[in-house]
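This report concerns only the one structure given below.
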Amino acid sequence: MRTSITSRLNFRLWIHLVGVVLALDILLLVAVSVGIVMYAEHRIAEAVESIGDPRSLSEDSVRLLSISGISVVPLDRDPTGCEIPGLFRRAFPEQTAGGTRWFEFHVEHPVGSGEHLGDAEQALLRRIYNLTYRIELTSDDYSYAVRMTLGPVIRVPMAIFIVLLIAELLAVLRSLSIGGHIIQRTMRPIVELAEKAQSMTTARGPYSPEEIQALAGKLEGITAARLDTRIDVDGAQDELKSVAAAINSMLDRINESYKAQARFVSDASHELRSPIAAIQGYANLLDRWGKHDEQALQESIDAIKEEAANMKELVEQLLFLAKGDSHAMPLHEELINLSDVAEAVVKETQMIDDRHVLESRLTPVHAKADPGLIKQALRILVDNAIKYTPSGGRIVVSVKRSADMAWLTVQDDGIGIPPEAVPRIFDRFYRADDSRARATGGTGLGLSIAKWIVERHGGRIEVLSRQDIGTRISIVIPAAEQ
Ligand code: ATP
Ligand code: MG
């Protein structure tokens, strides 16, 4: 990953740099050329001004002009060359604006020396240094050409330009290696992160806290000032930061769900251990004394039956949650009257519980729901109300409709739930009062199952509870159109 991305990125940046440098060079060349042409125009204009009539030039004037590289020749033909378009004429001196101009290589009088050079180079040098700017003018009845040798004028700019080109070439070549280095340094945190992640994936088993910490450390490295400060990486840093944040939160979630799973398994084993221990205890008791003791025999059989029933209940609850977690629980929805479901639950409860006053206030409310699951959820609520309400207490089951939601409510005047426990009662294996709950035989899975069922129906559970006054828990699911 390092070599390919680095070299590709570096090459692209380099091409970009070369492009910019070339463009600037061309711009510079054009600007200098325009400057030289304008200089020549002005010099020739000055000469034309001082010459007057070129046919009557004195020897002295000719010599004087030639010192500044200017020569004047009468023309026996019509002027040729470039005319200045009317629009630009005002930028040129008025003496020469009307003429035609062009460049030529005037090699009769070579300027400059190059004895040490080969013939070809000498010829090239001579051509460049003898570059001449020519303007041809027409005055009344005669034409003449004024030439100016540009050699001495272009010599210095050309030397500077060549030095500049060499410097640029060196800088551009250097940037090729420096760029690669900078990019590599910039990418180092990512490479380290990838290596760390790789080493974690190849390690056996789940992530240990130390490993996650180490990876988080690498991510911190990305967000901190590890990136090279010589190039502007503010934008890149932000991108890396968000990558780091995303990976961090993903790791958090993985870790969290992993922990939850481990907790679930350990809680489940713990819950199963007590009934197994009890059964083992009674079996031992039977083994030692029970064979001949009628009373011990019956007591043990009863206890073993009860513990086995508890275990069965627990295993069924666990299976339900496992199926729910793996989305293997089908929902058989149909249009049902929730009052019918509530009535059935109340009736069956009345049959097994005669210690409480059970009331129902039912109005027919329809909903599209799985009757079996809704019944199970309501049973869980009623079962809690019975368990956590002392004998003689009153339990009211009601069904009503409010706006487009159906409410199945179970209200008791039992022991209530401490305020700090309310947010946790839906957690798996959570019991508000462990010692008391153990006496009532609960495992703390009931409400988490009810919550799963209700959420699966697109609803929610609402809890209102005051300690020693009572509890009201409602299943709220979308009602069907009336
Ligand atoms: P089980 O899995 O057998 O239902 P459980 O009843 O202990 O066990 P949940 O039904 O999930 O578990 O209830 C969680 C806890 O919430 C209970 O242990 C209890 O402390 C508290 N709780 C629930 N309903 C009531 C209620 N009606 N009155 C008082 N406390 C309640
Ligand atoms: Mg319960």
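Quick notes
- Residue list for the range 456-466, restricted to those being surrounded by 14 or more Cβ atoms within 10 Å (Cβ to Cβ) and either within 9 Å of ligand 1 (Cβ to nearest atom) or acidic (Asp, Glu) (or both): Val463, Ser465
- Residues of the range 261-282 that turn out to be of a type in the set (A, V, I, L, M), closer than 18 Å to Gly324 by Cβ and open to solvent by less than 70 Å² (accessible area, probe 1.4 Å), as a count: 1
- Check on Ala342, of a type in the set (Gly, Ala, Ser), modelled with pLDDT of 95 or more, surrounded by 16 or more Cβ atoms within 10 Å (Cβ to Cβ) and under 30 Å from Asp267 (Cβ atoms): no
- Within the range 291-320, residues that are open to solvent by 100 Å² or more (accessible area, probe 1.4 Å) reach partners that are within 16 Å of ligand 2 (Cβ to nearest atom) and of a type in the set (Gly, Ala, Ser) with beta carbons closer than 9 Å, at six or more positions or on different chains, in the pairs Glu306/Gly441.
- Screening the range 377-413 for residues that are polar (S, T, N, Q) and within 16 Å of ligand 2 (Cβ to nearest atom) and picking the one that is modelled with the highest pLDDT gives Gln411.
- Filter result for Glu343 (closer than 19 Å to Ala480 by Cβ, more than 16 Å from ligand 1 (Cβ to nearest atom) and without any contact (Cβ under 8 Å) to a residue 24 or more places away in the chain): yes
- Matching residues, the range 353-392, being among the polar types (S, T, N, Q) and within 12 Å of ligand 1 (Cβ to nearest atom): Gln376, Asn384, Thr389
- Residue in the range 414-428 that is under 23 Å from Leu362 (Cβ atoms), more than 16 Å from ligand 2 (Cβ to nearest atom) and surrounded by 20 or more Cβ atoms within 10 Å (Cβ to Cβ) present: no
- Condition broken by Val422, with the remaining ones in (1) within 15 Å of ligand 1 (Cβ to nearest atom); (2) touching a residue at least 12 places away in the same chain (Cβ under 8 Å); (3) in contact with a Phe, Trp or Tyr (Cβ under 7 Å, 6 or more places away or on another chain) satisfied: (3)
- Some residue of the range 359-376 being modelled with pLDDT of 95 or more, within 16 Å of ligand 2 (Cβ to nearest atom) and among the β-branched types (Val, Ile, Thr): no
- Among the residues of the range 1-51, those identified as in contact (Cβ under 8 Å) with a residue 24 or more places away in the chain, small (Gly, Ala, Ser) and within 30 Å of Tyr144 (Cβ to Cβ) are Ala40, Ala45, Ala47.
- When the range 442-482 is filtered for residues that are more than 16 Å from ligand 2 (Cβ to nearest atom), within 24 Å of Gly393 (Cα to Cα) and among the hydrophobic types (A, V, I, L, M, F, W, C), the ones remaining, listed by number, are Leu464, Ile469.
- The residues in the range 362-386 that are within 50 Å of the chain's Cα centre (by Cα) and either of a type outside the set (A, V, I, L, M) or surrounded by fewer than 17 Cβ atoms within 10 Å (Cβ to Cβ) (or both) can be counted, and the count is 10.
The values are calculated or read from the model by the stated rules, or taken from the named source; none is laboratory data. Quantities reported herein were computed from a predicted structural model and do not represent experimental measurements. Counting neighbours? That spans all protein chains shown, and the Cβs are built from the backbone with ideal geometry, glycine included. In case anyone asks, the SASA skips ligands and DNA or RNA and just uses the protein heavy atoms, side chains included. Shrake-Rupley method; radii C 1.70, N 1.55, O 1.52, S 1.80 Å.
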